[in-house]
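The values are calculated or read from the model by the stated rules, or taken from the named source; none is laboratory data. Computed from a predicted structure; not experimentally measured. So basically every Cβ, Gly included, is an ideal-geometry build from the backbone, and we count neighbours across all protein chains shown. Calculation scope for accessible area: heavy atoms of the full protein, side chains included, ligands and nucleic acids excluded. Shrake-Rupley method; radii C 1.70, N 1.55, O 1.52, S 1.80 Å.
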Amino acid sequence: MRTPSLAWIGHPVTVLAVVLLPLNDHLFKAWWPGPVTGKLSDVAGLIIAPPLLDLLIRRPLVSIALTGAGFILAKTTAGGAALASYAWSVLWGPAQVIADPTDLLALPALAVAWWARGRPHPRAVRQARAVIVIPFAVLAVAATSAVPVMLPDSAYAAGTYDGAIVVAVSGGEAYHPTTTIFASRDGGWSWAASSGLRPPDVRTSACVPGEPDHCYRIVPGLLKVEQSAGGLWTTAWEVSPGDQDRLARAHEPRAPDRAGKVASLGIAVQEAPGGHTVVVANGVDGIVLRDTGGGWHRLGWAGPAGFAAAKAVALTAPGRYHKLVPGIALLAALAAALAALGCAAGRSTFPPAALTMLAGGYYCLAGLNTPILFNPAAVLFGLLLLAGGLIWAATIRALRRVRLPAWGVVIVTGFAEYYAVMVPYRLWSAGLIGHHHQATGLAVLLGGATAATAALTLLRHGARRRAAAETDGR
């Protein structure tokens, strides 16, 4: 037990951080939520973690560096956050750590930890502190609260109760989801959470009270409501499949595996003065309301206020494609340019160098397109591959055979390939292409055609040059 690591843990600053960490996570955050209490746990954790790590590696400076590097990766990259989430789950049950670059403001706490390491206290006191603090320190670090995995709020059932329309909404933590019942007594225009009510049964059809031949039903999987008239079912309200796909992507959460449904899931009909109202639960898109005059209105999720028309995502809003699409377009542009360059160089040794540069571009783009900020390890590895491939290509002197017109074709190919991939998605976002998968198919077709055209052009140009050289040689 007579080790500098134990003395470091027993320092008053470390002891204070050990006490502060659980108090902040379990008390202060609940009493005073905000950025101060949010960062206080990071400060305390950065003071506690280095001496705990030093118990294993016995290298104080390395412990400080590893703690800082791990904290940066966890707060700025998706991979680091996922690894931290896995560690928390192993130590303290299911949890998720969300990357947040603003937490890097707590990094100066490592300097405080290093200051405590260099100012030991008398031996007897530090040993006594260490014996008491070690179990508490491990428990405090393992028990610190992690950001839970949250599910989007989703309206999944509708019904009527005691003169009110009620809608059941599920959401909250993924491992402990909750259901909230919202009720409206003015025909669905204003809503309030109502306690003590049971969730209504999920019904896919409902009839107007007193009119058994006048019914409504939803179409599973679609945003669509049909009504019966004289025994025939006709469309009463619908959102086209293309617009439904746009809405689903507009509601896509940070974690795609936690996405909720954008589809009609439950329906209810209520008799009202002057007619009847219909309410349809549409998953994460909220609800759709039919007023007594026969008009249909989409109401989006409005938090504690339930649902409001102003919160509905407009069908005319630009479509939101995945943020990796521009990165994929850049990667395709790099691949097309390198393929064109290989055709112009005419050396069999060039393709391996081109593949190395392409792999470097892939890792750079992957590192720069994480959900939060960047992955420095992936970016560094990608830059090394890019540099290595470029040096390889220059070493084999493949590039010296490429003339100026061919270089022009290579550069134009890169730009043309990027826009060939991006333009279909831009058209889809503007509503000029009906469905996302059509934009994807068109992007693949245009990108392939652009790359193939450039490669064939340069191959034919090279063949003509060789034929002319052979003619001159004769």
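Key figures
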read-out: Unique residue being among the hydrophobic types (A, V, I, L, M, F, W, C), crowded, with 17+ Cβ neighbours inside 10 Å, outside any helix (DSSP H, G or I) and at pLDDT below 75 when the list is ALA155, ALA168, ALA146; value: ALA146
read-out: Test result for GLY367, at pLDDT below 65 and small (Gly, Ala, Ser); value: yes
read-out: In the range 172-205, the residues that are within 14 Å of PHE307 (Cβ to Cβ), in a strand (DSSP E or B) and open to solvent by less than 60 Å² (accessible area, probe 1.4 Å); value: THR180, ILE181, PHE182, ALA183, SER184, ALA192
read-out: Single condition GLY242 does not satisfy, out of (1) closer than 23 Å to TYR161 by Cα; (2) not in a strand (DSSP E or B); value: (1)
read-out: Per-region count, the range 416-437, residues over 23 Å from the mean Cα position of the chain (by Cα) and of a type outside the set (A, V, I, L, M); value: 5
read-out: Residue in the range 215-242 that is least open to solvent (accessible area, probe 1.4 Å), counting only those that are under 15 Å from VAL279 (Cα atoms) and of a type outside the set (A, V, I, L, M, F, W, C); value: TYR216
read-out: All positions within the range 414-449 that are β-branched (Val, Ile, Thr) and within 14 Å of LEU330 (Cα to Cα); value: VAL421, VAL423, VAL444
read-out: Residues being at pLDDT 90 or above and assigned to a loop (DSSP other than H, G, I, E, B) - total across the range 270-283; value: 1
read-out: Residue match in the range 243-253 (condition: closer than 27 Å to SER429 by Cβ and modelled with pLDDT of 90 or more); value: no
read-out: Qualifying positions in the range 287-321 - open to solvent by 30 Å² or more (accessible area, probe 1.4 Å), touching a helix residue (DSSP H, G or I) at 6+ places or on another chain (Cβ under 8 Å) and at pLDDT below 85; value: LEU315, ALA317, PRO318, ARG320, TYR321
read-out: Single unsatisfied condition, HIS26 versus (1) exposed (fewer than 14 other Cβ atoms within 10 Å of the Cβ); (2) at pLDDT 75 or above; value: (2)
read-out: Single unsatisfied condition, VAL97 versus (1) over 30 Å from GLY118 (Cα atoms); (2) of a type in the set (Val, Ile, Thr); (3) modelled with pLDDT of 75 or more; value: (3)
